[in-house]
Structure formats: structure tokens, C-alpha cells
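Okay, structure first, notes after.
Bear in mind these aren't lab numbers, they're just calculated from the coordinates by the rules spelled out. Model, not experiment: these values are computed from the prediction. Here the Cβ is made from the backbone with ideal geometry for all residues, glycine too, and neighbour counts use every protein chain on show.
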Amino acid sequence: MNSEQIMIQETGAIHQGIQSDQSIIEAMNRWSGSFSKPLLPSNLGSKATIKQVTEEGAKILSMGVYMGLRTAVLGTIPYDGSTYEGHTMKDESAGTLWAYETNFPDGFASVNGEKFNISLGHIFKCHQCRGSGRIKCQRCGGKIRWTTYSKSADKYTEHVCSCGDGKQDCPECDGFGELLKVLRVKTTYKFDHKKTKDYSGALPESVLMGSSGNVIFKNTSEFEKRVIAEAIDGFEPDEFNRLMLDMHSELKREVEEKVAGQLINPNILQNLIDDYFKNLPNPVDANKRLQEEFLPVRMKCVVKDVPVKAVKYEYKGNDYSLYTYGNESDVWVDGKQPAEFTWKLVIIVSILAIVLWLSLTR
Ligand SMILES: [Zn+2]
Ligand SMILES: [Zn+2]
């Protein structure tokens, strides 16, 4: 370790310290030790002179809503003549799929939710058995008795079907002869969100967005389930808009108070929030009632601080630059890096030589 060689330059906007330089040296050593870079001198962090470190303060901003989506298709279930015990639609011209059993999951994970039927109250004769509840036996085809002949044994065998009368219960109506018209309802929950960055440095967006960091702001709030369900049930789009407006301004106030000061350009976050709310459809208007209905459950706004350091270093008289990023201090490079004959190359060449020698002497 030539740590005494490390020179620290004091520059206005550039934050520096022995601590951060140590993490950069370690990051460079890890990176330069890889066999995938055979010409890069190993332990480059320790061998090089770090000349300048600029903390670029990248932020990943995300805004989203956890949504429930309920879809319904028409179907039938066997009807046994008694009163239907499940949900029953009171009025098909009004109502919402969200008026029935609803248990919102915690968190923001994509999950399947409630599955149930809603009776539409309409009872009709089963078309498959014409209301008798019985169809032709599938096993014997209605024959009840039949004979088979085995050529190898030269023998006739008598068969009698267990159905007895050549019929079986109708699978469509379970033998009841009647069907009840229902809506088959399925529910899924998923997090719909948009991400952007508050960063204008050279580290590519694809690298930045996938990197780890520290959450410096997080706001989650529940939509008021009762108000939304009532708004949808009562066809009141304005009620929903008022609620959105309240949540929107509440979130913006929080952002202004708690995180705006830590951002390079606070407008980026404000615009992300504004755009998200603007494009959020009003479920009262947009839902295809009793077919496809979504319902906002809760929203989340997160600001993640990703450490990004632009590093300038010198190695054997030449200047180079690289970036370290994320909590793990991964290295990203764009441009020329030192290249020389290394022990990594010696090992790779030796292995190749042994493989070649083995294959020639077999
Ligand atoms: Zn039937
Ligand atoms: Zn049969």
C-alpha cells in the first residue's frame, strides 16, 4: 500500500476526505482485480494517485399508486333451488364490483386478491340436459350392456356399466337441471409507478437506475377507501377529484418541507408528482362498470440518494477518470484506462498453454 502517495486536492465544490478516498481505493482494487480485464493493472487503487473526487449527489425519484383491478365475466353456476348464499346484485344498472368483499393487502407487492361470484338473480333451465339434470352416460354411451371380443384369447366378455340406466348427472348443472347467472369476479393488485432522476452527470441512466442507495424521503398515504367506494358507487367523479387534489397538495407540501432542499433541481420531483396525478385516471369516469374497475389503494413517493463519485486519478504519469456508484461502490468507466502486461495475463496465457499442450499430447 502506497497510501502516503495519495494526494488530496482541496477544491471548492468538491467534497473530499481520507474516508471517501479509502472507499475509492478499495473499489478500484476490487474492480482492477477482475480477470475479465486482463490488461488492467491489479490493485490499481493502491498504485494510482487519486487527484480529484467530485460527489455528484444523484437522486432517483419515484412516484406511484398501488392499484386494485377487479374484472368480471358472465358465467353460470348450478342452482339447487334454495336461496343463493353468496353475494347478490341488487341493481345491475348501478353498483360497483368494489362494493363486495374487499381486503386490501399491505405493502406494494403484486398479488392476486379476492375471487368470488355475484348472483345476478337470473335462473334458467340448463341447456345441456334440457332441465332434466341427466345426460347420456359418457362411459357406456347409454348402452348399459355391451360385449367385447379378445382375439388372442378367442373369448367374448360381457360388460355391465355401473350407471345402471345409461345416464349420468349433467356436469354443467351438477344434476340440478337449473343454472344461476353470475358475475365471476377476479381481483389483482399491483404497483403502478414512474421513476426519474435528479442528476445530470455522465453516469448513464441505465446504470444509475439499477444501483443501490439510501432512501432520504418516503411518503406513503392511504386513499380513503370509504370515500372512494362511495364515489364510485354513487357515480361522483368530482368527489374523487377533490380527494386527489387534497392528497396531491399534501404530498407537495411534504416534499417542499422535507426533501426539496436536498435536491439539485427540486422541480424534477415536483413535475414527476404533478404529471403522475394529472395522468391518473378518475376511476369513477374511466371504469367499465361491472366489467373492469380499478381502485387506487395507496400511494408512495420515494427519493433515493445514490452515491456517485467522479474520480480523476494518475497512474505512471498519465491522467485517467472513472466513476464509483451505489452503496457497493461499483466502478463505471468511459474512456481510456491503463493497460499493461499483468500477472493476470500471465495466468490466462499459462492456462491456455496447458490446455493446448494437453490437447496436443492426447
Ligand atoms: Zn344440466
Ligand atoms: Zn353407463
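Let me make sure I get this right: for the range 253-340, a, b and c are the square roots of the gyration tensor eigenvalues over alpha carbons, sorted descending. Under 1.5 in a/c it's rounded, otherwise prolate if a/b > b/c, else oblate. Which is it? Prolate is the answer for the range 253-340, as a/c is 1.5 or above and a/b outweighs b/c. Within the shell defined by Cβ-Cβ distances under 15 Å, the residues around TYR320 carry a net charge of +3, with Lys and Arg each +1 and Asp and Glu each -1.
Each of ILE60, MET28, PRO41 was scored by the projection of its Cα onto the charge dipole of the range 21-62, and the greatest displacement toward the positive side belongs to PRO41; charges sit on the C-beta of Lys, Arg, Asp and Glu. Charge tally around ASN241: other residues with Cβ under 13 Å, Lys/Arg +1 each, Asp/Glu -1 each, net -3.
The slack between LEU245 and SER93, meaning 0.36 nm per residue of separation minus the straight C-alpha distance, is 51.8 nm. Here each label is just a point 7 Å from Cα along the line to Cβ, and for LYS125 and SER34 those points are 7.5 nm apart. Summed over qualifying helices (DSSP H, 4 residues or more, each -39500 (n - 2.57)) and divided by its residue number, the chain shows a 222 nm mean residue ellipticity of -8000 deg cm²/dmol. Among the cysteines of the chain, those whose beta-carbon sits 4.7 Å or more from every other cysteine beta-carbon are CYS301.
Amide H to amide H distances under 5 Å link HIS122 with LYS181, where only residues 5 or more positions off or on other chains count and H is placed in the peptide plane. When the alpha carbon gyration tensor of the chain is reduced to an equivalent ellipsoid, the three semi-axes, largest first, read 66, 40, 12 Å. Subtracting the Cα-Cα distance of GLU55 and LYS288 from 0.36 nm times their residue separation leaves 78.9 nm of extension gain.
Stokes-Einstein diffusion for the range 107-193, with the hydrodynamic radius set to the Kirkwood value over Cα pairs and evaluated at 37 °C in a medium of 0.692 mPa s, equals 191 µm²/s. In the range 69-199, taking the dipole from charged Cβ atoms about the Cα centre, the farthest positive-side position among LEU97, CYS170, TYR199 is held by CYS170.
Here the relative contact order of the chain, from alpha carbon pairs under 8 Å that lie six or more residues apart, stands at 28 percent. Computed from point charges on the beta carbon alone (+1 for Lys and Arg, -1 for Asp and Glu), the dipole magnitude for the chain about its Cα centre is near 1880 Debye.
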